[in-house]
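So the structure is just underneath, and the comments pick up after that.
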């Protein structure tokens, strides 16, 4: 058994040694093959590198040759340009030398001419002195006295010519100004047009049933008495079917009364307590509506910020009327027209709109406060720290102040356009024509009156008198007498302004 083991171990050892020797020989053989392959590849790379280097050298030589050729061409071109410019400079130098010579000649001629002028001037002055001595001897006046007389004569002639020129251009300026003013007014009126809101003195409330008239009157007239006292309107209940009439000069009270009675009729419970509740509710609703309407109008006009009290009063203008024309519609039209005209004349259109919408703001207060709408409007706007242009417009549109700005003048013009023409306010055409004719006849019947015109829808009378028959003092008395006679004999709303014009004209013709 041991022998077999030893024999097996020996065989294994011999086999391992033999395998090692065989493996070593194979490895040595492969190493030689790898070495030969590496040498072959290195030789190929070296050959390829030589080819690349050779090619690069050839390309470098070609590039160098091209650069040398380009440099030679550029050098030749630059040399030619240099030669041309050098020649140009030489030509210019020759021209400058020639010009310098010419200038020297001209300078010499000028010096000679100046010397000749001085000589002639000296001779002229000598002759003038000689002639002056002769004139002084012959006229018996010194030189200064003669000069003074001559200057006075020239001044008189010049003054006449200047006056003629001034009058000429003054007339041209007036004509141009009138054309420009007419153009601006035409532009404004064509770009804005609105209907006039004609207000009435009564409102009609429709009833679904005539039986409601009895309920409105109430037992022994209790309901209608409470309604009239609370609402401040006259309630007229007659034979008109399904309708009653509310009458009042105050639009606001009439509108509140109309809404109150409509709600009572709709509710059906017409009794004193209910009447007071509905009235309080409607009054508060109208206050909210007027305030909101004022804010909407301010936003529509593009006015930035305004005192809340003024905003509320603007909304209340809807319930005021002047000669049948709604005050809010009138103020809105004035605002739009004033804004357009101010923009045409280079003013501030937003400020003109602000002054236009506020120019009659005092009319919202005339029913509750004593005083004219002008004074009330100026007071409330001053209290609200409004712009001076707004205050000026409130006074100026009734002639109480002069218009100080373009915006104020635009408001005054827009107010006249909106209100002072026939048809703008509710008047019968025949009575208007009759009144205007009567006013003109009163003025024309006076001695010394040449012409009389009623303008501004009969609100102003212009009277032109003969200056040789009526002096300044008599013109004052004449205007007072005409105004008193109109006040005595003519029925008219508002005021009529009487203006007597006395002028002296001097006319001469140049033949």
(message) Can you pull out every residue in segment 278-291 that is without any contact (Cβ under 8 Å) to a residue 24 or more places away in the chain and either closer than 17 Å to residue 362 by Cα or crowded, with 16+ Cβ neighbours inside 10 Å (or both)?
(response) 278
(message) Which residue is farthest from the chain's Cα centre (by Cα), if the candidates are limited to segment 378-402 and must be in a loop (DSSP other than H, G, I, E, B) and over 30 Å from residue 498 (Cβ atoms)?
(response) 384
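Conditions (1) over 27 Å from residue 326 (Cα atoms); (2) touching a helix residue (DSSP H, G or I) at 6+ places or on another chain (Cβ under 6 Å), marked per residue:
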site: 211; (1), (2): yes, no
site: 217; (1), (2): yes, yes
site: 221; (1), (2): yes, no
site: 234; (1), (2): no, no
site: 242; (1), (2): yes, no
site: 254; (1), (2): no, no
site: 292; (1), (2): no, no
site: 304; (1), (2): no, no
(message) Going residue by residue through segment 250-267, is there one that turns out to be at positive phi and without any contact (Cβ under 8 Å) to a residue 60 or more places away in the chain?
(response) no
(request) Please enumerate the residues belonging to segment 292-311 that are more than 16 Å from residue 384 (Cα to Cα) and buried (at least 17 other Cβ atoms within 10 Å of the Cβ). (result) 293, 297, 301
(request) Looking only at segment 416-430, decide whether some residue is part of a helix (DSSP H, G or I), in contact with a helix residue (DSSP H, G or I) (Cβ under 9 Å, 6 or more places away or on another chain), surrounded by 13 or more Cβ atoms within 10 Å (Cβ to Cβ) and at pLDDT 85 or above. (result) no
(message) On the basis of being over 19 Å from residue 352 (Cβ atoms) and in contact (Cβ under 8 Å) with a residue 24 or more places away in the chain, does residue 315 make the cut?
(response) yes
(request) Go through (1) out of contact with any strand residue (DSSP E or B) (no Cβ under 9 Å at 6 or more places or on another chain); (2) free of Cβ contacts under 8 Å to residues at least 60 places away in the same chain and name the single condition residue 327 misses. (result) (1)
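Per-residue answers, yes or no, for (1) outside the structural domain of residue 298 (by TED's automatic domain parsing); (2) modelled with pLDDT of 75 or more; (3) farther than 18 Å from residue 329 by Cβ:
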{"residue": "347", "(1), (2), (3)": "no, yes, yes"}
{"residue": "357", "(1), (2), (3)": "no, yes, no"}
{"residue": "362", "(1), (2), (3)": "no, yes, no"}
{"residue": "365", "(1), (2), (3)": "no, yes, yes"}
{"residue": "374", "(1), (2), (3)": "no, yes, yes"}
{"residue": "384", "(1), (2), (3)": "no, yes, yes"}
{"residue": "400", "(1), (2), (3)": "no, yes, yes"}
{"residue": "435", "(1), (2), (3)": "yes, yes, yes"}
(message) Which numbered condition in (1) under 23 Å from residue 398 (Cα atoms); (2) modelled with pLDDT of 75 or more; (3) in contact with a helix residue (DSSP H, G or I) (Cβ under 6 Å, 6 or more places away or on another chain) is the only one that residue 458 fails?
(response) (2)
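The values are calculated or read from the model by the stated rules, or taken from the named source; none is laboratory data. Note that this is a predicted model, so its numbers are computed, not measured. Neighbour counts are summed over all protein chains in view; Cβ atoms, including those assigned to glycine, are modelled from backbone coordinates with ideal geometry.
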